[in-house]
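Following: one structure in structure tokens, then a few remarks.
Just so it is clear, none of the values below were taken in a lab; they were calculated from the coordinates. Keep in mind it's a predicted model, so treat the numbers as computed, not measured. We place every Cβ from the backbone using ideal geometry, glycine too, and count neighbours over all the protein chains shown.
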Amino acid sequence: MTKELPADERDLLQPALAGVQAAAGMPHSEATGSGLGEEIDEYHELLTALDRSAEQDRRIAIHESGHIVAARLLGHSLGGATVDPGSGYEGKVWGERHVEAFAEGRGDASDVQEALAQIMPGPGEDRSSVTDVFASVYSHCIELAAGRAAERMLLGDGDARSGVDDLRQARELALLICKSEEAVETFLAHCEVAARDLLMPYGDVVMAMSIVLRIKRTLDGAEIDEIIRGLEAQKALDAEHRRRAEWKRCEFAADWFRAQCDHIDVVRVTRFCA
């Protein structure tokens with residue numbers, strides 16, 4: 001599959017795959033050698049079995065990667081992610097906290113809304129006891145909006161069919177803190193902008209994560225964190241290389257300027273003596 005990737009995607013892929021192989025204990029050749037190139041036919045067979053085009057697979061991977069990166073930036077622990085379809089979803093990201101909260105089978109935002117709505121304060125009542133609920137709703141709605149935000153950021157548009165369930169769940173959560181339909185719409189619009197702003201400096205991480213997801217299909221939380229660490233370490237290394245190169249250029253310019261000054265001084269002395 002790597003042979004089919006554009007050059008810019010292949011460049012992003014190398015540090016990301018290094019993170020995967022480190023997390024999974026894979027030898028270097030297995031992750032980056034000819035083995036992946038030989039899996040191109042298997043990839044096409046997989047997409048055929050899923051009734052999915054390569055472009056749809058790319059969009060889904062970017063969407064889920066948006067959720068992943070936003071979740072980690074917001075400090076949410078992740079259990080894993082997949083771009084393979086399941087019961088009612090095309091791709092999925094799940095978190096450790098979600099597993100604990102929904103251990104009794106209540107796994108949807110509507111369940112959360114139903115459970116918490118009864119304890120939310122009414123007009124004039126003290127809200128200090130539920131400030132954590134307000135904060136949690138806000139951060140999770142941003143995370144839910146991040147899938148569509150990643151699509152718009154990297155693909156320039158958003159599929160109208162994409163993120164429908166994300167929006168539904170975000171609306172369910174918004175009902176805990178909003179009292180009117182207008183307030184819900186305004187709050188969700190704000191969360192979309194906040195998600196975009198959150199992801200914008202990390203577009204390269206979202207893209208690299210989506211590439212690895214298309215290859216690996218499913219990642220656990222440890223692999224996700226290792227990929228992000230690998231990418232950030234590579235960016236820091238590249239920045240250091242640029243800093244040193246710039247320093248060398250400054251030294252060269254300073255040496256040249258000093259030489260020019262020395263030459264001018266010699267010329268002046270020579271003329272004076274003459």
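For this structure, a couple of remarks:
- Fewest-first sequence of Lys216, Lys179 by Cβ atoms within 10 Å of each Cβ: Lys179, Lys216
- Shape class of segment 136-177 from the alpha-carbon gyration tensor: oblate, with a/c at 1.5 or above and b/c at least as large as a/b.
- Here the simple spin-label model places points 7 Å from the Cα toward Cβ, and for Asp255 and Ser128 these points are separated by 6.7 nm.
- Here Cys250, Cys191, Cys141, Cys178 are placed in order of increasing Cβ neighbour count within 10 Å, fewest first, which gives Cys250, Cys178, Cys191, Cys141.
- Using θ = phi - 60° and Karplus 6.51 cos²θ - 1.76 cosθ + 1.60, couplings along segment 210-227 (whole Hz; Gly, Pro as x): 5, 5, 5, 4, 5, 7, 7, 6, 9, 10, 8, x, 5, 5, 4, 5, 5, 4
- Karplus 3J(HN,Hα) series, Hz, for segment 187-197 with 6.51 cos²θ - 1.76 cosθ + 1.60 (x for Gly, Pro): 5, 5, 4, 4, 4, 5, 5, 5, 5, 4, 5
- One chain, two ends: Thr186 and Leu47. Fully extended at 0.36 nm per residue, the span grows by 46.2 nm beyond their Cα-Cα distance.
- For Ser136, Ser53, Ser210, Ser87, the sequence from fewest to most other C-beta atoms within 10 Å is Ser87, Ser53, Ser136, Ser210.
- Taking the Cα atoms of segment 162-248, the ratio Rg/Rh between the radius of gyration and the Kirkwood radius comes to 1.16.
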